[in-house]
1. Out of all the residues in the range A:372-386, is one or more more than 12 Å from ligand 1 (Cβ to nearest atom), open to solvent by 20 Å² or more (accessible area, probe 1.4 Å) and either assigned to a helix (DSSP H, G or I) or in contact with a Ser or Thr (Cβ under 9 Å, 6 or more places away or on another chain) (or both)?
2. Does A:LEU37 count as within 14 Å of another protein chain (Cβ to nearest Cβ), more than 16 Å from ligand 1 (Cβ to nearest atom) and in a helix (DSSP H, G or I)?
3. So which helices (runs of 4 or more DSSP H) stay within the range A:180-272 end to end and still have 3 or more residues that are open to solvent by 30 Å² or more (accessible area, probe 1.4 Å)?
4. Provide a single number: the residues in the range B:243-266 that are touching a helix residue (DSSP H, G or I) at 6+ places or on another chain (Cβ under 6 Å), over 12 Å from B:VAL186 (Cβ atoms) and open to solvent by 30 Å² or more (accessible area, probe 1.4 Å).
5. Spot the failing condition for A:LEU41; the list is (1) near ligand 2 (Cβ under 9 Å from one of its atoms); (2) open to solvent by 10 Å² or more (accessible area, probe 1.4 Å), and only one is missed.
6. Considering each of A:PHE145, A:PHE62 in turn, give the residue that is open to solvent by less than 10 Å² (accessible area, probe 1.4 Å), of a type in the set (Phe, Trp, Tyr) and more than 28 Å from B:LEU86 (Cα to Cα).
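The values are calculated or read from the model by the stated rules, or taken from the named source; none is laboratory data. The structure displayed is predicted, hence computed values, not measured ones. All Cβ positions, even for glycine, are placed from backbone atoms using ideal geometry, and neighbour counts span all protein chains on display. Each accessible area value is taken on the protein alone, full model and side chains, heavy atoms only, with ligands, DNA and RNA left out. Shrake-Rupley method; radii C 1.70, N 1.55, O 1.52, S 1.80 Å.
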Amino acid sequence: MDALVLSRIQFAANISFHILFPTINIALGWFLVYFRLRGNLARGHQDARYWEEAYYLWTKVFALSFALGVVSGITMSFQFGTNWPGFMEKAGNIAGPLLGYEVLTAFFLEATFLGIMLFGRSRVSDRVHLFASLMVAAGTTLSAFWILSLNSWMQTPVGYRIEDGVMYADSWLQIVFNPSFPYRLAHKLLASTITASFLIAGLSAYQYLTKANNGGSLKAMRTAITVAAVAVPLQIVAGDLHGLNTLEHQPAKIAALEGLWKTEKSAPLTLFGIPNEAERRTDYAIKLPGFASLILAHDWNAELKGLDQFEGRHPPVAPVFWSFRVMVGMGVLMLLASWWAFWTQWRGRAFQDRQPFSRMQLRVLAGMTFSGWIATLAGWYVTEIGRQPFIVYGVLRTADMVADHPPGLVLITLVSYLAVYAFLLAAYVLVLMYMSRHPAMPTPDAPQSPKPGMAIGGPA
Amino acid sequence: MDLNWTSLLPLVFMAVMGLSLLAYVVLDGYDLGVGILLPFATDAEKDIMVSSIGPFWDANETWLVLGVGVLLVAFPRAHSLVLTNLYLPVAVMLVGLILRGVSFDFRVKARAARKGMWNALFAAGSLMAATAQGWMLGSYLTGFDRAPLSLAFSLMIALTLPTAYAMLGAGWLIMKTWDELQAKAVRWARRVLWPMGLALVGISLATPLVSRTVFDKWFSMPELIGLLPIPVACAAAFYAAWHVSRKPNVVAAGYGWVIFASTVLLFVMAFLGLAYSIYPYIVIDRMTVWEAASAHDSLVVIFVGVAITLPAIVVYTIFMYRVFWGRASELSYGAAK
Ligand code: HDD
Ligand code: HEM
Ligand code: HEM
């Protein structure tokens, strides 16, 4: 394997690992603010304790995910320089400021206020603490704003000019709010909301299954299911719109994800099949005639461009085709699961303190704890593999950007990163399960606070 | 060189980058140092040591992201040159930072039986990161030269930087802890002080030897006199640290902070010396600040951001340090005592 392939695998591995944690945290931060607010509103009431319990456990999950997000993010910020020097030399005038704004406006905000949020509860007033939690949530969301702006610009570059092969900015407004950005931002924020909801619902269900539940479990679970039941259908709509936008700007990607080899009128929708790149056809395809034209152009007879129009300029078909089906499949599963659970919860609403779900439902929810991760990664693979062979769509080719390290060197670092990530991922999942089974487990005395055991989220 | 906005802006960014990296080295330096010292403490002490840095480490590391960010934003060509040349040490540092950053959290959340493993990873990660950073500094100063002499020089810095961080860490613990652990921290400080000092002198003498450019800048006449305050301040700082660390009653009287402060002063002086040696290059002998700078328009865009946000960042960083002011212990056990 050459340095290009290895560098690509390494970049993909690093960013796939990184994205897992921000995906949870972007939304979890807002869940925490909500738990806090509900706790404050219920002051003097039994419920206040329950909300506090939910806050306590999920703050710990947030802290852990944040740590993983930060360290893998630091790795990301070095990757551009170590592996893709060409990218910064050619597109640095545009990518640089966007990344710079992320650091300046978002990273410091979240990192600084996180300290106060996690350790300062008993050192500052309730108001200031709530403010710190808000700043952390706002910071993570702002991070997503800037990085997605950059990523979207790489997909649909506008507002630039090229002199001597180097890109220069013409209009920052156009660059930041490039054509695919609003869709990507909405779709990503919803993805994050859904991922966090299924995580909360899943781990709470797991608490019931292992009889480790406390008053907070039900509060958290009801909130999460309600949010998921609303967010999943919105996500499907947003996904559809995103697809239409992509059809306009990156038709080759759509042709690949639909498995459309030939340009045709009234194009069929391939539900399933095995893309065969050598023969340029999809084997064993199950097709719905005319449906692709209907979904993508909202017209039965519309003509869709096939891969034959993009000879040498389209992405590998199979990974894009499969990833897309995994994402959409997950979306449908999530819709069913969240509405089923929401229906049960709605019928049991009269008994707020009783857990209304059947064992079967609890098992399904627990099984779907990490379903958001799968859908999110699949979605990103569609997006990123789908824009190949370009790094900045239509302008810069990935292969021209790579650093010419000896392949052995890249292999060494790749293997080390993979080993560390596999280990940490296993540890993360196991520790999450462990924390769920011991929701009230105090962290050891946190000497920063006046009362031992008051470290994170107040008394257990 | 005429002074106009276009030629000044790259210098401003050079300063911002240098100061971020200085902030990083001092701030993350003390928490890496605490990590390096961790194996020498008892289990109960480990908890206190870790929580003394708990609220700070994440923000501390963000200065590194800013430093690299500015390098990337303002000097894209230097960014690729530096980072491709430092490929392996950067990877080692990153793996170290990863292990350390997560162990922090895992050690208090995982099953008690696993705590030992996370403590060990925390210490190992801290040491890896510190050593790798030392190596990076060394190869940066030698212009990424791979001759044996240059490699030996890098190795020397790689072995020294952990002692300097340990010194900062010990100084931090002296301010943040009490009784037995504080006394221990004073002992640690005493133990690393001399190796650190000797190594600093060694490096300062070796740098002009491995680099002709540096030699010419320091050892020519009026300059040498003007530069004298740097070694003098270093000697004074060293003496202060040495003096206080040998007097338990001075520490007990509340002057323990002198050890930390003088170590910081040493770092600042070393930084000034380095900055002087390197200027106007960004990669020594190869690329000047102006050759590496990105388009003027892009610099202006990011300059606006820096001018607005950096003061805000400084303000809320100070706010955070005030929230967690005082000994790590005082408040928590104060009520019980
Ligand atoms: C919980 C996560 C999740 C779920 C349930 C869905 N998606 Fe998605 N999708 C993402 C998470 C995601 C993502 C990870 O957030 C992506 C990757 C990049 C992006 O903008 O969003 C994405 C990308 C993405 C793209 C690629 C856009 C491009 O690169 O130009 C399309 C066409 C869709 N999605 C469409 C859908 C449809 C029709 C769905 C209906 C079920 C759907 N997504 C469910
Ligand atoms: C966060 C979720 C993301 C995931 C899971 C992801 C995943 C991937 C994958 C799998 C590739 C490899 C494609 C291939 O080689 O065929 C890739 C490429 C790339 N992505 Fe992303 N990406 C994400 C977000 C981003 C963002 C936000 C940026 C930019 C700021 C970005 C920049 C790049 C670059 C520069 C490449 C080209 C290098 C390469 O082809 O390997 N990615 N990404
Ligand atoms: C190439 C792309 C990326 C780079 C270079 C990058 C860089 C970083 C860095 C350096 C951090 C640590 C910040 C700190 O010290 O607090 C971080 C954290 C974070 N990143 Fe990324 N990142 C990338 C992709 C993404 C993507 C695609 C998203 C989300 C859509 C994202 C969202 C976040 C968030 C929310 C955090 C805060 C930490 C957390 O909540 O876990 N990043 N990133």
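1. Initially, the range A:372-386 is screened for residues more than 12 Å from ligand 1 (Cβ to nearest atom), giving none.
No: zero hits.
2. no
3. A:181-209, A:215-249
4. Total meeting the criteria: 3.
5. (1)
6. Working: A:PHE145 fails: open to solvent by less than 10 Å² (accessible area, probe 1.4 Å).
Exactly one of A:PHE145, A:PHE62 is open to solvent by less than 10 Å² (accessible area, probe 1.4 Å), of a type in the set (Phe, Trp, Tyr) and more than 28 Å from B:LEU86 (Cα to Cα), namely A:PHE62.
Rundown of residues vs (1) within 16 Å of ligand 2 (Cβ to nearest atom); (2) over 24 Å from A:ASP400 (Cα atoms); (3) among the β-branched types (Val, Ile, Thr), yes/no style:
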site	(1), (2), (3)
A:ILE147	yes, no, yes
A:LEU150	yes, no, no
A:GLN174	no, yes, no
A:LEU190	yes, yes, no
A:ALA196	yes, yes, no
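Quick grid of which residues meet (1) within 14 Å of chain B (Cβ to nearest Cβ); (2) modelled with pLDDT under 90:
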site: A:LEU142; (1), (2): yes, no
site: A:LEU150; (1), (2): yes, no
site: A:ARG161; (1), (2): yes, yes
site: A:ALA169; (1), (2): yes, yes
site: A:THR195; (1), (2): no, no
